Every structure is written in structure tokens, then in C-alpha cells.
Amino acid sequence: MENILGIYNNYNKQIKLALVFLALFGLTLVGLKNYLLFHTSVELFSIVVASGVFIVVWNSRKFFDNDFFIFLGIAFFFIAFVDLIHTLAYSGMNIFPGYGTNTPTQLWITLRYIMAVSFFIAPFFLNFKNKMLKTEFVFAAYSFATLIIILTIFQWEIFPTAFIQGQGLTPFKKISEYIISLIFAASIFLLFRHKKDFNKNVFNLLISSIAINILSELS
């Protein structure tokens, strides 16, 4: 019986791996033919994942013995929201007329800052036992910060320029990528200090996801 279960699990892993490669191959073909469709598909997937993180965490928050994941879950709600605005504002979508390639780049760097800072702050809530985190305060703080950033981009137009048509990325955008990478790296350091507070598999997945985010920034 154990051999049969082993074969079944191995078969499932192979199927999942094949589906992943098939999806990547399909996205590559789409990207070569229509980059706008490729970008929209990838971003929508990211938005669904980020929204899913919030929904799962929020509906299971009473089962956590600290506030680490609750804080991150709320953060991912706003990450999904900014990512959605970034996707809609992307050049070629024509949803926000009058805005060029700089606007989606500004929104992209904004959501990356939100993600990096959130991962950096979250480990401090590992010491918050018995649900000391005030979720309404976290929602209010993220709502206020997100609103201000959106206004600086769309209304006041004082957000630093991230992309200049015909020239490319600005020093602000390039330097920000390194700053974001350093913040992610600092969050890994903090997580290692609290390694004992996590299940081994969960900890490894967290570190891997942050490491991938660093590589994404550097690329």
C-alpha cells in the first residue's frame, strides 16, 4: 500500500511540474506575440495570489498564536490593490488617458516598497501574543499611506520620476531597486532570529520567497 501511495504522490509531482513548465512555455509564446497580454496575465495572477493570501489569513486569523501572518495578510490586501492599479495604468491599456510609461513604473516601485517594508516589519509582530495587533489600526495606516501615494502620483504629480520616455529608468528607480533588496535582506535576517517560532517548512518557504523577490529586484 505504501508503495502504491509513493508512486501516486510521485506521479502527482510529475504532473504538477509538467503543468508548470507548460504554463511557462505558454506565457513565453504569449510574451513574444503580445507583450501587453503577457504582462496583464502575469499581473492578474499576482493579484489573485496576493488577494488569496489576504482571504486565507483573514478567515483563519483566530488560529494563529501570534500576529505575524495577520499583519502580512493585511499588507497583501493593499499590495494586490496597488498591483491592480499598476496593471490598469500600464502603457497600452488606455484606461488612464494622459499618463505615460512613468505612471505604471511609479506604481510598481510603490508596491515593491510596500511589500519589502511589510516583510521587514512583520517579524516584530512575532512577539505579539494573544492578538495584541489592532487590525483596524493596520487597515487605517495602510489605507492612509496608499491614498497619499496614489495622490502623489495621479493628483499632485510630485512622486519621483521613475521612467523617462526615450531615456529609460531614472536613478531613483534604479537606486530604489537596491534599497528594496536591502530591506528584503534585512527581513531575512530578522526572520532567522525568530526561526524557532516557525514550522520548518513554513520558514523555508518564507525565506525562499523573499530571496526570489531580491533576485527579481536585482534582475
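The values are calculated or read from the model by the stated rules, or taken from the named source; none is laboratory data. Bear in mind the structure is a predicted one, so any value in this text is a computation, not a measurement. Glycine gets a Cβ as well: all are built from the backbone with ideal geometry, and neighbour counts include every protein chain shown. Keep in mind that these areas ignore ligands, DNA and RNA; they rest on the heavy atoms of the full protein, side chains included. Shrake-Rupley method; radii C 1.70, N 1.55, O 1.52, S 1.80 Å.
Here are the numbers for the structure shown:
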quantity	calculated
FRET efficiency estimate (nearest 0.05) - Cβ-Cβ, residue 59 to residue 199, R0 25 angstrom	0.80
Percent accessible area from carbon and sulfur atoms, the stretch 19-60, protein chains only, probe 1.4 Å	81
Cα-Cα P(r), the stretch 1-112, percent of pairs per 5 Å interval	2, 11, 13, 14, 14, 14, 13, 9, 5, 2, 1, 1, 0
Phi to ³J(HN,Hα) by Karplus 6.51 cos²θ - 1.76 cosθ + 1.60 over the stretch 104-112, Hz, x for Gly, Pro	x, 5, 4, 5, 5, 5, 5, 5, 6
For the chain: rounded, prolate or oblate by the Cα gyration tensor [a/c cutoff 1.5]	oblate
Per residue accessible area of the chain, 1.4 Å probe, in Å²	62
Spherically averaged projected area of the stretch 56-173 from its Cα convex hull (nm²)	8.2
Distance in nm between pseudo-label sites at residue 42 and residue 192 (7 Å out along the Cβ direction from Cα)	3.0
The stretch 118-207: C-alpha gyration tensor shape, a/c 1.5 cut-off, then a/b vs b/c	oblate
Cβ-based net charge around residue 77, under 13 Å, with every Lys or Arg adding one and every Asp or Glu removing one	0
Protein accessible area in the stretch 110-219, 1.4 Å probe - carbon and sulfur %	68
